[in-house]
Amino acid sequence: MALAHVLGVPRIGPNRELKFAQEAFWRGEVDEAALKAVASGIRQANWRRQHAAGLDFVTVGDFAFYDQMLNHVALLGCAPARFGFGETVGLPEYFQLARGNDACHAMEMTKWFDTNYHYLVPELKPDTHFSLDDGWLFDEVAEAQTAGFEAKPVLIGPLSFLWLSKEKAAGFNRLDLLDRLLPVYAQILARLKAIGVEWVQIDEPILALDLPADWRTAFERAYHHLNAAGLKLLLASYFGPLRENLLVALKLPVAGIHIDCVRGGDELAQVIDWLPATKVLSAGVIDGRNIWRTDLAAVFERFEGLHLRLADRLWLASSCSLLHVPASLSGETRLDPELRSWLAFADEKLAALATLKTAFNSGRQAVAAELADNARAMAARRASPRVHDAAVGARVAALTSVHDVRNSPFPVRQAAQRAHFQLPDFPTTTIGSFPQTAEIRSARARFKKGEISEADYAAAMQREIRYAVAKQEALGLDVLVHGEAERNDMVEYFGEQLAGFAFSHNGWVQSYGSRCVKPPIIYGDVARPQPMTVAWTRYAQSLTHKPVKGMLTGPVTMLQWSFVRDDQPRAATALQISLAIRDEVADLEAAGIGIIQIDEPAYREGLPLRKADWPAYLDWASRAFRISASGVSDATQIHTHMCYSEFNDILPAIAAMDADVITIETSRSDMELLRGFGVFDYPNEIGPGVYDIHSPRVPSSGEMARLLEKAAQVIPPHHLWVNPDCGLKTRGWAETEAALANMVEAAQTLRQRY
Ligand code: GLN
Ligand code: ZN
């Protein structure tokens, strides 16, 4: 009898109940008891869903009021000492750790592996101590048990916890804290055993990373220690193959091992060969990172023989937690029915697991109708003309090396652009968006609801463009932008106009805390039926003699922030998008727009988890960018923009994008991030951000001039641009104007000095 379970489910509630309750609590509108009641309701409903789907366990401990790593900080009693909270943190303190308070800045947040989920980074020092907090985990287990469910708690394993933390003191290795940490984990397991838990899922996703040898060897010691608690441990890895860590994992003294059979490459055969005869294998066959239905017949065939061998030692599972997919398709009444029939959100993934489990245990005829329906949907999707566009295929096939290089090398282009634009040294510009005011948002919302006509909406947006252009002229900026008033989101805006993209109505996924995103769904070949930005940009250019910079989102970012097709490689989808952007670039150029920015803020986060896989990614990613950018004449200037600029390890690949100008985020690091560009001798022009747009603070011109001086030490001054760190859409106009006026003054200071 195969068993079935999931590694975790979405925690925000099917209608973002947690978000709304959290935010009401933060505003002081509801009390802690009310927020906790909402949380309990979400957990209970999640368990009921898992139980009703016929899963053998309900997962407990996957809920978090903000983040699962922060939950562990609380559980392990290691809140950063700088907050002065002591060992136990209540809910108000928990939120202060996540969001900061008057005296302390929030804990740092960073991306959870290669997902768009962000976790809070534990802060470790040589004197960090751990101590068991009695709180949430045991309460939640008891809550599930009281409700009559078979609870399988989930913990982040000690090594992943340490690895994902940050050392907040020099000259110490956080791995040295393992010996202090393990006894607390052992205590947790002992407590769980005492309250009747049989299985504990212990997540060690770092097994899918390149690990230094001392970390790899630490696993054995750690799990010998934890095994002594006498509980059955299911060691879970996900997000990629284990490679050189595989044998380490298989030899650990645990009762079972979970592997990601979606992203695990072809490792399954090795796992089966080496699986010790007593261990459970939890096979992550249902994709927890994407929204497509699983081909159930294919899974059945892949695992049929193994099931005969393993019987109840085979568990069917989601590849990772379902945290990364939306809750349910039930609200998607507006999605095209055919497309909808190809999709599975969390609820539908539970149902798929249930079908598979029955197929293995009772034979396929027991779920013949479900399997037939699944097979029909799979076949329809494979053959659908909405997925395949022969013209796109032909265009991609016809791409050659002439399409991904500019006509001339950078120095030739630079000369042509200088002759054409006659910009001063240290030219000033912005990253694209200007404040998204309440009026802008309301106009867009009313237009979407059909309350105002297209003409009225266009008039409102033109008013905003006029306002932004006039302000920029008055400020004396050199390269203007139209301000992106018409865009709610830099991917959605383009996706809505491209063939091959669809949008869910309620497909929210947690990004961090109460922040959720609704990623577009790329389901088919991507093409651009008509220009997307030309009218707005041309209108802006008609208002000024200064150059207006056209503003586009790049192929890698479009891919990275969407749910992508699983029926072709990411690279293939990126190429299709790059051709659509290339067409837009050509139309902008033809409309007289001589400077075009193609934003790639997600370029770095697309890097694979393993270094060995980086070159292949960087190769197609930079090529996709170049295809979108290379169809223009030498005098047309291509910009790109990236945030989170920890680029030092990929500078050759950034240079390989060959943008004429790159703007990056550097102010928060006091230009430190720029040093690498200098050492590397970055060949093209650079605009290192001189002020942080995440804060309403208005920096003085002296402060920005000092940053520019610092930049000029490492970058040739005649290659430097002057701009903020990122777009200004979250700022108000007052601080924006004040800061830009100071920025222009700083540029003038530099012009006098150099
Ligand atoms: N052009 C975009 C803006 O200014 C860039 C946003 C980003 O880098 N995330 O808003
Ligand atoms: Zn940015």
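The values are calculated or read from the model by the stated rules, or taken from the named source; none is laboratory data. What you see is a predicted model; the values in this text were computed from it and never measured. Heads up, the Cβs are rebuilt from the backbone with ideal geometry, glycines too, and the neighbour counts pull from every protein chain shown.
On the stretch given as the range 723-739, residues that are more than 16 Å from ligand 2 (Cβ to nearest atom) and either out of contact with any Phe, Trp or Tyr (no Cβ under 9 Å at 6 or more places or on another chain) or not aromatic (F, W, Y) (or both) total 5. Grab the helices (runs of 4 or more DSSP H) fully contained in the range 101-202, keeping just those with 1 or more residues being small (G, A, S) and buried (at least 19 other Cβ atoms within 10 Å of the Cβ). Correct list: 136-146, 158-163.
Picking from residues in the range 651-666 that are in a helix (DSSP H, G or I) and of a type outside the set (G, A, S), the one that is farthest from ligand 2 (Cβ to nearest atom) is P652.
Checking each residue in the range 587-611 for being more than 16 Å from ligand 1 (Cβ to nearest atom) and touching a residue at least 24 places away in the same chain (Cβ under 8 Å) picks out D587, E589, A591, G592, G594, L607, P608, L609, R610, K611. Taken over the range 630-687, the criterion of being away from ligand 1 (no atom under 16 Å from the Cβ) and among the aromatic types (F, W, Y) is satisfied by F677, F680, Y682.
For the range 424-457, taking the residues that are farther than 19 Å from T730 by Cα and touching a residue at least 60 places away in the same chain (Cβ under 8 Å), the one that is surrounded by the fewest Cβ atoms within 10 Å (Cβ to Cβ) is identified as P424. Consider R582 carefully, then state whether it is more than 16 Å from ligand 2 (Cβ to nearest atom) and under 28 Å from R538 (Cβ atoms). Spelling it out, R582 is indeed more than 16 Å from ligand 2 (Cβ to nearest atom) and under 28 Å from R538 (Cβ atoms). E709: over 30 Å from the mean Cα position of the chain (by Cα), more than 21 Å from S622 (Cβ to Cβ) and away from ligand 2 (no atom under 16 Å from the Cβ), yes or no? Here the answer is yes, as E709 does meet what is asked.
Checking each residue of the range 474-495 against the condition of being surrounded by fewer than 22 Cβ atoms within 10 Å (Cβ to Cβ), within 16 Å of ligand 2 (Cβ to nearest atom), within 26 Å of Q637 (Cα to Cα) and without any contact (Cβ under 8 Å) to a residue 24 or more places away in the chain gives at least one match.
Conditions tested, residue by residue: (1) under 29 Å from the mean Cα position of the chain (by Cα); (2) of a type in the set (A, V, I, L, M, F, W, C); (3) surrounded by 20 or more Cβ atoms within 10 Å (Cβ to Cβ).
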residue: R243; (1), (2), (3): yes, no, no
residue: L246; (1), (2), (3): yes, yes, no
residue: V254; (1), (2), (3): no, yes, yes
residue: D260; (1), (2), (3): yes, no, yes
residue: T278; (1), (2), (3): no, no, no
residue: I286; (1), (2), (3): yes, yes, yes
residue: F303; (1), (2), (3): no, yes, yes
residue: R309; (1), (2), (3): no, no, no
residue: D312; (1), (2), (3): no, no, no
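Among the residues of the range 728-754, just one is part of a loop (DSSP other than H, G, I, E, B) and aliphatic (A, V, I, L, M), namely L728.
Identify all residues within the range 390-449 that are within 16 Å of ligand 1 (Cβ to nearest atom) and not polar (S, T, N, Q); write none if there are none. Selection gives I431, G432, F434, P435, I440, R441, R444. The set of residues in the range 516-533 being surrounded by fewer than 24 Cβ atoms within 10 Å (Cβ to Cβ), aliphatic (A, V, I, L, M) and within 23 Å of the chain's Cα centre (by Cα) consists of V517, I522. Comparison of N506, N488 shows that the only residue that is touching an Asp or Glu at 6+ places or on another chain (Cβ under 8 Å) and polar (S, T, N, Q) is N506. Among the residues of the range 532-564, the one identified as in contact with a strand residue (DSSP E or B) (Cβ under 7 Å, 6 or more places away or on another chain), assigned to a helix (DSSP H, G or I) and within 16 Å of ligand 2 (Cβ to nearest atom) is T557. Of the helices (runs of 4 or more DSSP H) lying entirely inside the range 303-393, those carrying at least 3 residues that are out of contact with any Pro (no Cβ under 9 Å at 6 or more places or on another chain) and within 26 Å of L234 (Cβ to Cβ) are 346-362. Cβ-Cβ distances below 6 Å connect the following pairs, each with a first residue in the range 502-528 that is over 21 Å from T110 (Cβ atoms), a second residue that is surrounded by 23 or more Cβ atoms within 10 Å (Cβ to Cβ) and charged (D, E, K, R), and a separation of six or more residues or different chains: I522/R565. Screening the range 338-376 for residues that are buried (at least 19 other Cβ atoms within 10 Å of the Cβ) and among the basic types (K, R) and picking the one that is nearest to the chain's Cα centre (by Cα) gives K349.
Results for (1) at pLDDT 95 or above; (2) farther than 22 Å from T429 by Cβ, shown as yes or no for each residue.
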| site | (1), (2) |
| --- | --- |
| E605 | no, yes |
| R610 | yes, yes |
| A616 | yes, yes |
| A621 | yes, yes |
| I627 | yes, yes |
| G631 | yes, yes |
| Y644 | no, no |
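Do you know which residues across the range 732-754 are modelled with pLDDT under 95 and within 19 Å of V481 (Cβ to Cβ)? Scanning the range 732-754 gives no hits.
Quick one: in the range 389-404, which of the residues that are exposed (fewer than 14 other Cβ atoms within 10 Å of the Cβ) and in contact (Cβ under 8 Å) with a residue 24 or more places away in the chain is nearest to S622 (Cα to Cα)? Filtering first and then ranking leaves G393.
Taking the listed residues V38, V60, the one that is under 28 Å from the mean Cα position of the chain (by Cα), among the β-branched types (V, I, T) and under 30 Å from L316 (Cβ atoms) is V60, with no other qualifying.
Set side by side, the residues E709, E703, E737 differ, and just one is crowded, with 17+ Cβ neighbours inside 10 Å and charged (D, E, K, R), which is E737. Scanning the range 595-650 for residues being within 14 Å of ligand 2 (Cβ to nearest atom), crowded, with 20+ Cβ neighbours inside 10 Å and not hydroxyl-bearing (S, T, Y) gives a total of 12.
Kindly indicate whether P724 is touching a helix residue (DSSP H, G or I) at 6+ places or on another chain (Cβ under 9 Å) and either more than 12 Å from I431 (Cβ to Cβ) or away from ligand 1 (no atom under 16 Å from the Cβ) (or both). Spelling it out, it is not the case that P724 is touching a helix residue (DSSP H, G or I) at 6+ places or on another chain (Cβ under 9 Å) and either more than 12 Å from I431 (Cβ to Cβ) or away from ligand 1 (no atom under 16 Å from the Cβ) (or both).
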